[in-house]
1. Hey, what D do you get for region 107-171 in µm²/s if you plug the Kirkwood alpha-carbon radius into Stokes-Einstein at 20 °C and 1.002 mPa s?
2. Below 8 Å between Cα atoms, with a sequence gap of 6+, how large is the relative contact order for region 1-144 in percent?
3. Taking every Cα atom in region 23-62, find the radius of gyration and the maximum pairwise distance Dmax, and write them in Å.
4. Across region 45-61, in residue order, what do the Karplus-derived ³J(HN,Hα) couplings come to in whole Hz, using 6.51 cos²θ - 1.76 cosθ + 1.60 with θ = phi - 60° and x for Gly and Pro?
5. Return the lysines within reach of LYS4: Cα separation strictly under 26 angstrom, same-chain partners fewer than 8 residues apart disregarded; answer none if there are no such residues.
6. Mind listing which GluC sites (Glu not before Pro) in region 1-97 are in a DSSP loop and have 11 or fewer other Cβ atoms within 10 Å?
7. Taking only C-alpha pairs under 8 Å that are 6+ residues apart, what is the relative contact order of region 3-76 in percent?
8. How high is the relative contact order of region 90-226, given as a whole-number percent (alpha carbon pairs under 8 Å, six or more residues apart)?
Amino acid sequence: MSLKSRKQQFINEIEEKILSGEWKIGDRLPTERELVDAFGTSRTVVNAGLAELSQKGFLSINPRQWTKVADYMKDGKLDVLYSVIRHNGENVDMNLMQGILDARKVVETESVILACRYRTDEDLKELDEIIEAENEVTDMESRIALDFRFHHMLCVAGHNPVYPLIMNSFEPIGQKYLKIFYSMIDESFKISVEHIDIVNAIKDRDEKRAVHALDTLLSEGETVVKKYGGIKK
């Protein structure tokens, strides 16, 4: 196994101990030497793994004194969300999901306002192509991919260089959200109909109508996800 693989395995095992509650916020970790023995790995792997976990926000390190579990949901980076989602598996933490939905709404609402002002013909062409493709596909995987691509393109069309990057960072979480959504709706449901309303408003440069159409779409999606039978708080 490569050094990179061994380091990732070590990181995953430490994250599991933290996210499972075995190691609680504020707990001190064993010494590096003890970690080497406990996980059957090298000091190089332990050093590199602890450093990365600290960068993510899972750990707080006082060099040569102690390493503690940090308040990762307060001080962590976006990577913490990916780890939490992976740890939860098929279960859904609705408090976390609600936070993600709220953040997404802020980014997309501002994006459609900007899209009404700054969209180009090329932006509109790509949005139309996505909608056309949505009308053709039937399998869930393709529907999910196109749906996420549509929402990402709304951010691109706003021409704020940061919003598309933020939306991309949500992709692993968004894939899980969309999988829940499409598993709950009727197969005949055409999301493209609601996407058309948003795009037509952007074409008309009608900010108020675009925001309303987006809010309607996101609110309906949120309602569907909240009905998901697998939710565990």
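Throughout, read-outs are computed from the coordinates displayed, never taken from laboratory work. On a predicted model such as this, the values are computed, not experimentally measured, just so you know. Using ideal geometry, Cβ is built from the backbone for each residue, glycine included, and neighbour counts are taken over all protein chains shown.
1. Details: Rh = 12.0 Å.
Roughly 179 µm²/s, to the nearest whole number.
2. Working: 93 pairs, mean separation 26.8, N = 144.
With pairs under 8 Å counted, the relative contact order is 19 percent.
3. 10.1, 25
4. Taking θ as phi minus 60°, the curve returns 5, 4, 4, 5, x, 5, 4, 5, 5, 5, 4, 5, x, 7, 10, 10, 10 Hz for region 45-61.
5. The reachable lysines, counting only those whose Cα sits under 26 Å from LYS4, are LYS17, LYS56, LYS68, LYS77.
6. On the way: sites: GLU13, GLU15, GLU16, GLU22, GLU32, GLU34, GLU52, GLU90; in loops: GLU22, GLU90.
Sparse-neighbourhood loop GluC sites (Glu not before Pro): GLU22, GLU90.
7. Numbers: 77 pairs, mean separation 26.1, N = 74.
Worked out over region 3-76, it gives 35 percent.
8. So the answer I get is 34 percent.
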